[in-house]
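A short write-up of the structure that comes next.
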Amino acid sequence: MIIAPAEPYDVTKLLAFRQEAAAWLRDLGSDQWSRPYPADKLLATIEAGTVFMLRDGHTTAGTITLTPDAEDGLWTDGELAEPSMFVNKLTISREYAGQNLGGRLLDWAGDRAFHAGAKWVRLDAWTTNESLQRYYLEQGFTHIRTVREGVAVNGGPRVSGWLAQRAAQSTDHGFTDRTPSPERLRSAA
């Protein structure tokens, strides 16, 4: 499988992935991703070069967003002073479920973060999705805290405030990596 930067034409596929994931989560009793995600915001993240697609031939198997930018109001100033990259919107097509592609994408993210000079790979997960939280713990993340106060970036109430991190490290994720080398993170000091 190949991991490559998302292209503007991937917006439709990414929105469909989100709808598929939301339906699956709804069947599991979670309201995660029940609000539609704005296509223009998704396109902006693609154009910023932070969205990556996992492709199996002509089929898209998964996606991950990896950015040096933290969502406002989640991490402390001390945590933000540590070089970190942040995982968002990790999604695997239901057709590819059960193959540990999510774990391997997290390994890829940790490897990319390491090569960018990050100390940590961090994420925030849906506050009420305990299954997802357990998944991240099983993937080697450590729960830092849960933030329930504040307003999310989209203006709604904060629903994704379960914070976790793991060390960024060089890893053999097993994908053919067609992404450009990551830019080195700037020191916060």
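Extents of the chain, taken as max minus min of Cα coordinates on every principal axis and listed largest first, are 44, 36, 32 Å.
So which lysines can residue 13 reach, going by Cα to Cα under 24 Å and dropping same-chain residues fewer than 8 places off? Those lysines meeting the cut-off are 41, 89. Here the simple spin-label model places points 7 Å from the Cα toward Cβ, and for residue 41 and residue 79 these points are separated by 2.0 nm. Normalised by the number of residues in the chain, the mean separation of alpha-carbon contacts (under 8 Å, six or more apart) gives a relative contact order of 24 percent.
Placing unit charges on the Cβ atoms of the charged side chains and taking the dipole of the stretch 2-176 about its Cα centre, the candidate lying farthest along the positive direction among 68, 171, 58 is 58. Modelled spin-label separation between residue 128 and residue 176, with each label point placed 7 Å from Cα along the Cα-to-Cβ direction: 4.3 nm. Looking at the stretch 2-176 alone, DSSP beta bridges between its own residues are antiparallel in about 85 percent of cases. Placing unit charges on the Cβ atoms only, positive for Lys and Arg and negative for Asp and Glu, gives the chain a dipole magnitude near 100 debye about its Cα centre.
Note on residue 143/residue 56: beta-carbon distance plugged into 1/(1 + (r/R0)^6) with R0 of 35 Å gives a FRET efficiency of 0.65.
Just so you know, all these numbers are worked out from the coordinates, no wet-lab data involved. Bear in mind that the values here come from a model prediction, so they are computed numbers and not experimental data. Counting neighbours? That spans all protein chains shown, and the Cβs are built from the backbone with ideal geometry, glycine included.
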